[in-house]
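The values are calculated or read from the model by the stated rules, or taken from the named source; none is laboratory data. Quick caveat: nothing in here was measured; it's all calculated off a predicted structure. Here the Cβ positions follow ideal geometry from the backbone for every residue, glycine too, while neighbour counts run over all protein chains shown.
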């Protein structure tokens, strides 16, 4: 490699890292807003965010990056494989950032803010009609964005690719169809079963003790609290970069499992970020692949690992020790059933891991129809309710508990929902592979040991950065294409003994 | 005013506010570092801070500001008085920022960091000799900075003016000489008195209750918790801007007064910031005058108000209610004496409000001699110890408890110490003025009411922004030049009854 190319490459890395550092500062502002912001300080925070958005954009869209990319692209043959990965992703990111005229970006930013308020009000008032103009505007902006970036003929594919590089509506369709075929009959079987789990077994679990317990659990799983922390916010989330992860949870005295599992979920996200190569932070070699893979990490720890019998063999005695009076009347069987309760609900975020996937299929179907212009925004509630009845077996009594329940569209986030279910499929496929690679893995869990699993995930996935795309990493790690069959198998193995025995 | 000038002025305001917003983001990073940062995340925080320092500098030193200032300066006659204030200060700030070559700024930044570590190690090892090169370098850089900014013949005046605009070594000298003359005999009288206060009367005050109590107190004083918060850090401080103030304190079960008074002190700083006109934030009309005036606000609330009998008439019953067993054997007299205990100590930050001023005089004397080249860094410990014995009546047994005790010089902060004592003098002078303006003010305190005082401070001082300099605001508000006689009078009135009766 010529000295010229080598210099250009390291200059590119410096520019990318600088832009990333500014993004992490911006991210900290966002975390602080959810965790610490005094109630009347929202105005200054909005102004701070606006100026940081500007500064971040300037850094990431800097003209020097374009020239460096051109230099490197014109010497493609001289680059190592990793350097090609960096250049390819940097180009993709750069183009997506710079091909949108600033007038378009400004208009969209304005809409994101006003549409959020329109949605929040419409939801509160159960008034879908008032939200229609915002939704239409966002759909129009999404199409416009796709067009500006050269995806004019496939706007929904563009939206999906934004969250899961390499994924298309067609691929998602194929995966979801197969999943649906297996899942719907299985859910019907569960619902027809006389076995029901009660989740209302928990009362008066002191928040301080819950905090200690979830700290113990997440530390055991492998979250590095020397490079991260967990705080409280209205909605749980995980932010920050691997060098400083900020997770949140929320507490309710009568819902200790809610805090626990949402924290484990965020811990899965956090451990993925902590596992990305620290030296490559801010470059494509130190960044997560996409939403679906990210979600596979949070779901694997939350579901496959932490809802397992082996996990609770270890943690149940500790749970009882911390909450002796609260668990006195609770049998081990009832606890395990509560942890793995299946009960269809209208609300996606309250759904169990079996029926959750049905919520995603519904949304994917609706988004496809909207982008194919087969469905008008005005007809959304009727279409939603029909699909809800078909897929979930439940019809929303109002739009608040139906089409208005999710925040995503109000922020222009179309093509985002599929990632959740893709994540579930990837998690299950990884789960069978890791157990084949590491015999007797679950007996580790029963001893409170999770290091072998984490090391495997680190080596197989985290350390790869963005060297593979969503489908590519699955193929690379498991030797097979992504398939819903593992998720179906996992759900059957976990839930059939509980409901169909 | 021509449209041209009006446009230039509003463009200047926009630029200044943008730079300020970025500074507040940078400030939040600093707060987060002290309050939240995970232990192994220091490296990324240092990188974030470096890039934010760059971004802040770019914004505040932008060439557009220079052209706008030139336009406005050349039309000076057309500007309103407030606009002139803004332009004058903006010019001063801009020049101080831009007249330093970036090579100089980079060298200084490097030294600040390495000198801090050298100081921390020297202090830990009680090894002044190892700190000499860093101190010399910082003195040299300070002289160089003064020279670059046109203060080559008066480097120490420049250092003082940096913290207290308009103040000079000569003025400080005159004030301190008069203060010393009255204060040293008074301290001797107190020390000769058989009356001694015990401060070791407090044990086992639960932190959670302390937290509630100091929240109650600071809220009553007038801190607006809807635009600010208080957290825990190693050393108490106040950061943020009026729209979002972040204060900190620290807790020890056996030192409830320490947390309380340090929180009240920071509350005084915080209320000054909260009182600056919100609409003018980021411009000289919405900024504090300087360190001395800032300190006058913290000291007035901490000392004149919160160590008063009237204050405790109201809060003592509340304090006892919160800590019934801990205060059972404590008489009201012992409590009041503990709050107002005078006991010379070697350590400035542990000093009471009477002898604190002596610590400052010592440092001012030493700094003057260093800048006048009458004292070499090598001879500092001997000079320090001699002055300590003369002024404080105590000789440090080692440099750790002598010349190495303060962090300030390691950051290149010369001319900063005088502000503390200037703040004490201003606070006392304001105290007599406000009681003349608002008869019977202390009876408000005895009813837990502090609103009249806060409103007076807001109107007289906070709302002024930087319209006056340190000496100017005192003259404006009290009708007299700043004088140490009010501090002497206040100290005598407060402490003579306790020690000399």
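Quick one: how many residues across the stretch B:13-36 are part of a helix (DSSP H, G or I), closer than 16 Å to residue B:237 by Cβ and at the interface with chain A (Cβ under 7 Å from one of its Cβ atoms)?
4
Please work out which residue is nearest to the chain's Cα centre (by Cα), limiting yourself to the stretch A:345-369 and to residues that are in a loop (DSSP other than H, G, I, E, B) and surrounded by fewer than 17 Cβ atoms within 10 Å (Cβ to Cβ). Full working, then the answer.
Residues of the stretch A:345-369 in a loop (DSSP other than H, G, I, E, B): A:345-347, A:351-355.
With the extra rule that they be surrounded by fewer than 17 Cβ atoms within 10 Å (Cβ to Cβ), the set shrinks to A:345, A:347.
Details: A:345: 20, A:347: 17 Å.
In this case the residue turns out to be A:347.
Taking the condition modelled with pLDDT of 95 or more and crowded, with 21+ Cβ neighbours inside 10 Å, does residue B:253 pass?
Criteria not met by residue B:253.
What are the pairs with Cβ atoms under 6 angstrom where one residue, in the stretch B:78-104, is exposed (fewer than 14 other Cβ atoms within 10 Å of the Cβ) and the other, located anywhere, is part of a helix (DSSP H, G or I)? Sequence gap at least six, or different chains.
B:99/B:148
Can you confirm whether residue A:410 is part of a helix (DSSP H, G or I) and modelled with pLDDT under 95? Spell out the reasoning first.
Numbers: part of a helix (DSSP H, G or I): yes; modelled with pLDDT under 95: yes.
Taking the combined requirement at face value, the residue satisfies it.
Quick one: residue A:191 ticks every box in (1) without any contact (Cβ under 8 Å) to a residue 40 or more places away in the chain; (2) more than 14 Å from chain B (Cβ to nearest Cβ); (3) out of contact with any helix residue (DSSP H, G or I) (no Cβ under 7 Å at 6 or more places or on another chain); (4) exposed (fewer than 15 other Cβ atoms within 10 Å of the Cβ) bar one, so which box is it?
(1)
Report, by residue number, each residue of the stretch B:37-55 that is touching a residue at least 24 places away in the same chain (Cβ under 8 Å) and facing chain A (nearest Cβ under 10 Å).
Here is the first cut: in the stretch B:37-55, the residues touching a residue at least 24 places away in the same chain (Cβ under 8 Å) are B:52-53, B:55.
Hits for the stretch B:37-55 are B:52, B:55.
Would you check which residues across the stretch A:202-223 are touching a residue at least 24 places away in the same chain (Cβ under 8 Å) and either within 11 Å of another protein chain (Cβ to nearest Cβ) or within 23 Å of the chain's Cα centre (by Cα) (or both) and list them? Full working, then the answer.
If we filter the stretch A:202-223 for residues that are touching a residue at least 24 places away in the same chain (Cβ under 8 Å), which is where we start, we get A:202-207, A:209-214, A:216-218, A:220-223.
Within the stretch A:202-223, A:214, A:217, A:218, A:220, A:221, A:222, A:223 meet the criteria.
Restricted to the stretch B:56-69, and to residues that are within 12 Å of another protein chain (Cβ to nearest Cβ) and under 27 Å from the mean Cα position of the chain (by Cα), which residue is surrounded by the fewest Cβ atoms within 10 Å (Cβ to Cβ)?
The qualifying residue surrounded by the fewest Cβ atoms within 10 Å (Cβ to Cβ) is B:59.
Can you report the number of residues in the stretch B:376-393 which are surrounded by fewer than 17 Cβ atoms within 10 Å (Cβ to Cβ) and either assigned to a loop (DSSP other than H, G, I, E, B) or touching a residue at least 24 places away in the same chain (Cβ under 8 Å) (or both)?
3
Say whether the condition of being closer than 27 Å to residue A:61 by Cβ and surrounded by fewer than 20 Cβ atoms within 10 Å (Cβ to Cβ) is met by at least one residue in the stretch A:172-179. Spell out the reasoning first.
The initial filter retains those residues of the stretch A:172-179 that are closer than 27 Å to residue A:61 by Cβ, namely none.
No: the stretch A:172-179 contains no residue that is closer than 27 Å to residue A:61 by Cβ and surrounded by fewer than 20 Cβ atoms within 10 Å (Cβ to Cβ).
Within 30 Å of residue B:448 (Cα to Cα) and modelled with pLDDT of 95 or more: is that true of residue B:187 in this structure? Full working, then the answer.
Numbers: within 30 Å of residue B:448 (Cα to Cα): no; modelled with pLDDT of 95 or more: yes.
So residue B:187 does not fit the description; no.
Please specify each residue of the stretch B:1-28 satisfying the condition of being at pLDDT below 95 and surrounded by 15 or more Cβ atoms within 10 Å (Cβ to Cβ).
Matches in the stretch B:1-28: B:5 only.
Let me confirm something: among A:494, A:489, which residue is touching a residue at least 60 places away in the same chain (Cβ under 8 Å), surrounded by fewer than 18 Cβ atoms within 10 Å (Cβ to Cβ) and assigned to a helix (DSSP H, G or I)?
Details: A:494 fails: surrounded by fewer than 18 Cβ atoms within 10 Å (Cβ to Cβ).
Exactly one residue qualifies, and that residue is A:489.
Before we move on, is residue A:77 within 12 Å of another protein chain (Cβ to nearest Cβ), more than 27 Å from residue B:38 (Cβ to Cβ), in a helix (DSSP H, G or I) and at pLDDT below 95?
Numbers: within 12 Å of another protein chain (Cβ to nearest Cβ): no; more than 27 Å from residue B:38 (Cβ to Cβ): yes; in a helix (DSSP H, G or I): yes; at pLDDT below 95: yes.
In short, no.
Looking only at the stretch B:450-477, count how many residues are without any contact (Cβ under 8 Å) to a residue 60 or more places away in the chain, crowded, with 22+ Cβ neighbours inside 10 Å and closer than 23 Å to residue B:311 by Cβ.
Selection size over the stretch B:450-477: 0.
For the stretch B:280-290, check the following and say yes or no: at least one residue is outside any loop (DSSP other than H, G, I, E, B), closer than 26 Å to residue B:314 by Cα and at pLDDT 95 or above. Spell out the reasoning first.
Filtering the stretch B:280-290 for residues outside any loop (DSSP other than H, G, I, E, B) gives B:280, B:284-286.
Next cut, closer than 26 Å to residue B:314 by Cα only: none.
Scanning the stretch B:280-290 turns up no residue that is outside any loop (DSSP other than H, G, I, E, B), closer than 26 Å to residue B:314 by Cα and at pLDDT 95 or above.
List every residue pair whose Cβ atoms lie under 8 Å apart, where the two residues are 6 or more positions apart in sequence or sit on different chains, the first residue falls within the stretch A:224-253 and is away from chain B (no Cβ under 12 Å), and the second residue, located anywhere, is in a loop (DSSP other than H, G, I, E, B) and buried (at least 22 other Cβ atoms within 10 Å of the Cβ).
A:253/A:205
Within the stretch B:415-448, work out how many residues are in a loop (DSSP other than H, G, I, E, B) and exposed (fewer than 15 other Cβ atoms within 10 Å of the Cβ). Show your work before the answer.
If we filter the stretch B:415-448 for residues that are in a loop (DSSP other than H, G, I, E, B), which is where we start, we get B:415-416, B:438-440, B:447-448.
Among the residues that remain, those that are also exposed (fewer than 15 other Cβ atoms within 10 Å of the Cβ) are: B:438-440, B:447.
Of the residues in the stretch B:415-448, 4 are in a loop (DSSP other than H, G, I, E, B) and exposed (fewer than 15 other Cβ atoms within 10 Å of the Cβ).
Restricting to the stretch A:240-250, count the residues that are surrounded by fewer than 22 Cβ atoms within 10 Å (Cβ to Cβ) and in a strand (DSSP E or B).
Step one: of the stretch A:240-250, the residues surrounded by fewer than 22 Cβ atoms within 10 Å (Cβ to Cβ) are A:248, A:250.
This time we only want the ones that are in a strand (DSSP E or B), so: A:248.
Residues that pass the stated criteria total 1.
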